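Contents: one structure, followed by commentary.
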Amino acid sequence: MLKDNILEVEKRIQMACDKAGRDRSEVTLIAVSKTKPSSMIREAYDLGIKHFGENRVQELSVKYDELNNEINDVHWHMIGHLQRNKVKHVVDKAVLIHSVDSLRLAQMIDQEAAKKDIICDVLIEVNMAKEDTKFGVFEEDLWPLFQEIINLPNIRIRGLMTIAPFVTDPEKNRDIFKKMRELYVDIKTKTIDNVNKEKTGVGRNFNFDPGLFNILSMGMTGDFEVAIEEGATMVRIGTGIFGGRN
Ligand SMILES: *Cc1c(COP(=O)(O)O)cnc(C)c1O
């Protein structure tokens with residue numbers, strides 16, 4: 001079952017890339033393994049999946065301990081809402097935190113990363129549809145937040161993430177993905193300008209490299225093809241790979 005699902009998802013990713021004239025290597029598949037046991041993740045790993053997404057720190061830590069002792073190229077992505085008091089358990093386990101949406105959270109990540117002497121890669125989560133059931137900053141608050149976080153020395157902002165509304169027709173999310181891509185390009189352009197101007201203000205954080213601001217995490221089982229067509233560089237697919245969750 002797992003094998004067929006992965007092949008099917010792979011085929012659909014490839015088709016979306018073809019349709020958009022993009023290379024398959026531009027899109028990283030993150031298999032969202034929340035609620036699924038380590039044995040199943042190991043199976044997916046053996047079938048070629050290297051990136052896994054979890055939305056709870058506790059679960060990510062347990063699975064990290066179970067799998068990363070044996071194999072070192074299992075990469076964990078923290079994709080769920082993160083509480084400040086849990087940050088210390090995840091900064092050195094996740095390769096990327098997708099869900100930064102406040103300065104307070106970013107400061108905590110920076111502090112814990114500094115203690116461990118690492119630089120933590122993060123994405124800023126945007127609540128594009130302004131749904132009150134979702135976390136993330138509103139579009140209009142993104143640039144101010146970005147400018148604050150960019151000066152934290154132990155954080156590196158790598159891009160943006162969004163969880164689009166739940167829809168049955170993925171076309172309904174196309175505009176959201178399009179707008180995300182515009183925001184992303186806009187930030188990239190602004191920071192390149194600033195970094196070139198001077199090492200003060202935006203971009204004085206030496207860890208910020210506009211060239212490494214290159215991740216757009218969007219698209220899930222129900223809408224990943226549209227997200228890829230609109231420029232996603234990471235798709236987060238759970239049900240499509242592991243089947244339904246309880
Ligand atoms: C659960 C989850 C996913 C995967 O959802 P599916 O619809 O099962 O593909 C993706 N992103 C986030 C943030 C999630 O919490």
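The values are calculated or read from the model by the stated rules, or taken from the named source; none is laboratory data. Nothing here was measured: the structure is a model prediction, and the numbers come from that model. A quick note on method: Cβ atoms are made from the backbone with ideal geometry, for glycine too, and the neighbour counts reach across all protein chains shown. The accessibility values were calculated without ligands, DNA or RNA, using every heavy atom of the protein model including side chains. Shrake-Rupley method; radii C 1.70, N 1.55, O 1.52, S 1.80 Å.
Just the residues that are in a helix (DSSP H, G or I) and crowded, with 20+ Cβ neighbours inside 10 Å, please, taken from region 147-181. Within region 147-181, I149, N173, I176, F177, M180 meet the criteria.
Looking only at region 57-94, which residues are of a type in the set (S, T, N, Q) and surrounded by 15 or more Cβ atoms within 10 Å (Cβ to Cβ)? Full working, then the answer.
First pass over region 57-94, keeping only residues of a type in the set (S, T, N, Q): 58, 61, 68-69, 72, 83, 85.
Selection gives S61 alone.
So which residues in region 225-246 are on the phi < 0 side of the Ramachandran plot and outside any helix (DSSP H, G or I), if there are any at all? Hits for region 225-246 are E230, A232, T233, M234, V235, R236, I237, G238, G244, R245, N246.
Tally the residues that are within 14 Å of the ligand (Cβ to nearest atom) and more than 19 Å from the chain's Cα centre (by Cα), restricting the search to region 20-39. Full working, then the answer.
If we filter region 20-39 for residues that are within 14 Å of the ligand (Cβ to nearest atom), which is where we start, we get 28-36.
Now drop any that are not more than 19 Å from the chain's Cα centre (by Cα), which leaves 36.
Number of matching residues: 1.
Checked against the criterion of being among the small types (G, A, S) and either in contact (Cβ under 8 Å) with a residue 60 or more places away in the chain or touching a His at 6+ places or on another chain (Cβ under 6 Å) (or both), the candidates S33, S39 yield just one match: S33. Only one entry in D132, D101, D110, D117 is open to solvent by 10 Å² or more (accessible area, probe 1.4 Å) and in contact with a His (Cβ under 9 Å, 6 or more places away or on another chain), namely D101. Here region 47-87 is the region considered, the condition is being of a type in the set (G, A, S) and part of a loop (DSSP other than H, G, I, E, B), and the residue that is farthest from the ligand (Cβ to nearest atom) is G48. Looking at E43, E8, just one residue is within 22 Å of A94 (Cβ to Cβ), acidic (D, E) and either touching a helix residue (DSSP H, G or I) at 6+ places or on another chain (Cβ under 9 Å) or part of a helix (DSSP H, G or I) (or both), and that residue is E43.
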